[in-house]
Every structure is written in C-alpha cells, then in structure tokens.
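The values are calculated or read from the model by the stated rules, or taken from the named source; none is laboratory data. Keep in mind that this is a model prediction, so the values were computed, not measured. Counting neighbours? That spans all protein chains shown, and the Cβs are built from the backbone with ideal geometry, glycine included.
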C-alpha cells in the first residue's frame, strides 16, 4: 500500500504529516518506528495525523505519535505545522482553527506573516494530573538520580502542558549532560508515564535558552510544549516576565503567559519540506 505524506518541521522539530480526513489508516507501533527511522524510513520526531472532527465544537481532530510508536498527548510545534498544512491543502479557510488532541482543544491562529499562534491551554501544576508521584505539592521538587555511578540531587518544577514536563534551571546549558540527565529523569518511577525534561538557562526576565529531552524521541531541535513549560516554570518562580523569547537549538519561539487561569500562547514558524509517498 502506498501512503502519501508531507514532511514538515517547526524549528527543526520534524514531522511526518498524514491527512486522514477522507479515511482512516491504522498504523502499528512497529510501522511508526520503521517510518521514523532516519536511514531506513522518512525520519521524524513525531507522526501527526489530521482527522475529521469527532465533535461539533472543533474543526479537526489531531493525533500525535512519538518516534518510538507511543501516542503523545500534545505537541505545540506540530500544531503550528497542522495549521499550515490545513490552509496549504485547502482543507479549511477558517482562522483561527479549533483542533482536538488526545486530552484538550487547541486554537490555532495564523498571522499575516505566516507564523502561527497556538493557544496551548493553561499549565497544570497538580501532581496527580501530570502525573507525578509526590507526598506534597510544591513549587520545586528534588529528585535523586544516578549518573556514572554517582548519586545526584536535582531541583525541578513539575507540570503538565497536556503532557508531562520537568523543568530544570541550569547555569551553563552548553555544558549540561542533557542526554544522561534526560534519560535518568525521564524513566524515573515517580513519573509513571514518563516525562519531557527541559533544561532552562535564564538570560534575562524576557529571554531564555532551552534544550528539551523529549519522552519517546530524545533531544529535539525544538519543543513547543517544552518552551511553554519552561516559561510557566519561570513565571511560577517569579523569574520571568509575561512574554519571553525562547531560544532553542532550531530557532526562536515567543511564549506568553499572564498566569492565573489564562492560557499559554506560543508563536513561531511552520515549514513544509516536501511531499511524497512511501510503501507500507
């Protein structure tokens, strides 16, 4: 069977996009892993599926699968690519779009310059909703991990942006063991569903550098929910203003959060790389 697809990226966080509005295609976890392989497949961080709406209050359903085949709840960079895909392929001319993920509804607003602003919803710091196992809710948590046979305590903020995040503040991002720490925290039993681990270096009240080790994908060039989580964590600790420039390996995003129950807004580009078909 030949499967048509579009390859896209948001600041280097790359995706294989499937238009399933005209019919369902069921892919197994093994098929997704093969397609994600960068030498033997298409190569991507996440697979995005655009589907016909399952309810009257949204324009499309939006499903996300990590490179390891597991389904993810949320992806901000992917949401921007989804908006571009919809408009470029004439699936809708509505602006903003309302799309339904596994656990929330997102609103996607395409700006005149082609960038997309995504209403990502409000961050959730309740441990049970992340989920994160702890005896008591706090702003900062401490976790013991083992690196190279040495026990190390890490301080972090835990929250959900529709998917779980642990945000660690660091002084020197370039010399941080992102992979080793990301793997150790990501598989820690206190995060029963795993966690995306963000490493944030604060440059000023309105600018940060960020690297994210994503659950099921490893370190990516950009992570939209990770950028939102980092800004929310910095705002919680009163270290950041309400509008922040987030510098990621793949480029720059703008994240705004007014705190309280207001949503986090993320703005950035979306790029189409190529279209193709692959035999599955």
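Could you list, in sequence order, all residues of region 166-183 that are within 19 Å of residue 146 (Cβ to Cβ) and out of contact with any strand residue (DSSP E or B) (no Cβ under 6 Å at 6 or more places or on another chain)? Matches in region 166-183: 177, 179, 181, 183. Looking across region 30-49, the residues that are assigned to a helix (DSSP H, G or I) and closer than 20 Å to residue 220 by Cα come down to 32, 33, 34, 35, 36. The set of residues from region 102-134 being touching a helix residue (DSSP H, G or I) at 6+ places or on another chain (Cβ under 6 Å) and part of a strand (DSSP E or B) comprises 106, 108, 110, 116, 118. Give me a count of the residues in region 198-240 that are free of Cβ contacts under 8 Å to residues at least 40 places away in the same chain and touching a helix residue (DSSP H, G or I) at 6+ places or on another chain (Cβ under 7 Å). Residues that pass the stated criteria total 12. So, residue 50, is that one touching a residue at least 60 places away in the same chain (Cβ under 8 Å), touching a strand residue (DSSP E or B) at 6+ places or on another chain (Cβ under 6 Å) and assigned by TED's automatic domain parsing to the domain that holds residue 89 or not? For residue 50, the condition - touching a residue at least 60 places away in the same chain (Cβ under 8 Å), touching a strand residue (DSSP E or B) at 6+ places or on another chain (Cβ under 6 Å) and assigned by TED's automatic domain parsing to the domain that holds residue 89 - is not met.
Residue count for region 79-126 under the criterion of being free of Cβ contacts under 8 Å to residues at least 24 places away in the same chain, under 15 Å from residue 18 (Cα atoms) and in contact with a strand residue (DSSP E or B) (Cβ under 9 Å, 6 or more places away or on another chain): the result is 1. In summary, residue 99 fulfils each of the numbered conditions (1) closer than 24 Å to residue 57 by Cα; (2) assigned by TED's automatic domain parsing to the domain that holds residue 83; (3) in a loop (DSSP other than H, G, I, E, B); (4) under 22 Å from the mean Cα position of the chain (by Cα) with the single exception of condition (3). Residues in region 252-266 that are surrounded by fewer than 17 Cβ atoms within 10 Å (Cβ to Cβ) and closer than 25 Å to residue 16 by Cα: 252 alone.
From the list 183, 137, 193, pick out the single residue that is surrounded by 12 or more Cβ atoms within 10 Å (Cβ to Cβ), under 20 Å from the mean Cα position of the chain (by Cα) and assigned to a loop (DSSP other than H, G, I, E, B).
It is 193.
Of all positions in region 218-237, none carries a residue that is more than 19 Å from the chain's Cα centre (by Cα), surrounded by fewer than 17 Cβ atoms within 10 Å (Cβ to Cβ), more than 23 Å from residue 152 (Cβ to Cβ) and at pLDDT 95 or above.
For residue 19, the test of being more than 19 Å from the chain's Cα centre (by Cα), outside the structural domain of residue 254 (by TED's automatic domain parsing), surrounded by fewer than 22 Cβ atoms within 10 Å (Cβ to Cβ) and not in a loop (DSSP other than H, G, I, E, B) is passed.
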